[in-house]
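Inspection log for the structure reproduced underneath, given as structure tokens.
The values are calculated or read from the model by the stated rules, or taken from the named source; none is laboratory data. Here the structure is a predicted model, which is why all the values come from computation and not from measurement. Glycine gets a Cβ as well: all are built from the backbone with ideal geometry, and neighbour counts include every protein chain shown.
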């Protein structure tokens with residue numbers, strides 16, 4: 001939705017400034033923080049801390065989608081995320097559910113989640129688009145090819161930015177055909193998903209080309225492997241400086257929402273960057 005003053009609004013958030021989505025992986029095997037928040041009580045405390053630090057949304061996920069990850073059963077996924085979602089929502093936190101499974105989307109929305117974030121852009125589960133349309137909730141459509149086990153083998157592009165735009169446009173069209181309103185959709189170019197480091201760098205440099213899709217752009221660069229390549233840091237948990245640099249670059253190229261592990265540090269960086277840019 002666009003307000004009368006021309007400012008875009010998504011998920012109830014005015015996008016007149018960059019917004020921050022905190023990553024809360026309730027998993028044992030995510031690429032940089034697997035197991036850290038696997039205990040529900042620990043996860044709830046972490047989510048509340050993110051919200052207290054200024055996260056606009058806390059993104060709760062119960063299935064790792066890192067390259068090579070094995071599928072998680074829907075039952076296990078829901079057992080991980082639902083108690084955490086209920087507790088965060090009860091505390092007034094705006095929650096998104098990071099899942100590719102329609103039954104988990106439904107259960108999470110019933111538990112109070114407000115946003116669906118699907119790494120497959122609603123292509124994995126045939127029931128997902130219809131569900132999101134029926135609920136009328138905001139949704140993030142991310143670009144990925146294949147699945148976690150196969151996506152790196154499908155990272156073959158002639159022109160990565162053009163092809164990502166075309167493939168996201170196709171997913172937006174499919175969502176609209178299912179009855180999802182255009183102003184409910186945000187897009188994510190899927191940095192690191194079916195993209196090697198040079199693809200991720202090129203895509204970030206050409207991020208303004210995604211503006212043709214007329215949807216808010218969400219970018220997740222936090223701790224990604226391309227940052228390790230560029231910055232010379234093998235340990236994902238030591239990639240905060242590079243993550244901040246890439247996040248600010250993404251905002252300068254049109255990102256409206258940043259999906260990050262380090263909320264307080266990202267918000268401080270954004271405040272300084274905005275003050276200097278004003």
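Here are some notes:
- For the range 219-245, a residue qualifies if it is under 23 Å from residue 187 (Cβ atoms) and more than 15 Å from the chain's Cα centre (by Cα), and the qualifying residues are 225, 226, 227, 244, 245.
- Test: residue in the range 174-196 that is in contact with a helix residue (DSSP H, G or I) (Cβ under 6 Å, 6 or more places away or on another chain) and more than 30 Å from residue 127 (Cα to Cα): no
- Of all the residues in the range 168-212, those that are within 17 Å of the chain's Cα centre (by Cα) and more than 19 Å from residue 12 (Cα to Cα) number 15.
- Helices (runs of 4 or more DSSP H) lying entirely in the range 185-272 (those with 1 or more residues that are in contact (Cβ under 8 Å) with a residue 24 or more places away in the chain, touching a strand residue (DSSP E or B) at 6+ places or on another chain (Cβ under 9 Å) and buried (at least 18 other Cβ atoms within 10 Å of the Cβ)): 197-205, 240-252
- Residues that are in contact with a helix residue (DSSP H, G or I) (Cβ under 7 Å, 6 or more places away or on another chain) and in a loop (DSSP other than H, G, I, E, B) within the range 137-149 comprise 137, 138, 143, 144, 145, 146, listed in sequence order.
- Residue pairs meeting the criteria (Cβ under 6 Å; at least 6 apart or on separate chains; first on the phi < 0 side of the Ramachandran plot and assigned to a loop (DSSP other than H, G, I, E, B), in the range 150-179; second exposed (fewer than 15 other Cβ atoms within 10 Å of the Cβ) and at pLDDT 95 or above): none
- Number of residues in the range 92-112 that are within 20 Å of residue 65 (Cα to Cα) and more than 14 Å from the chain's Cα centre (by Cα) equals 8.
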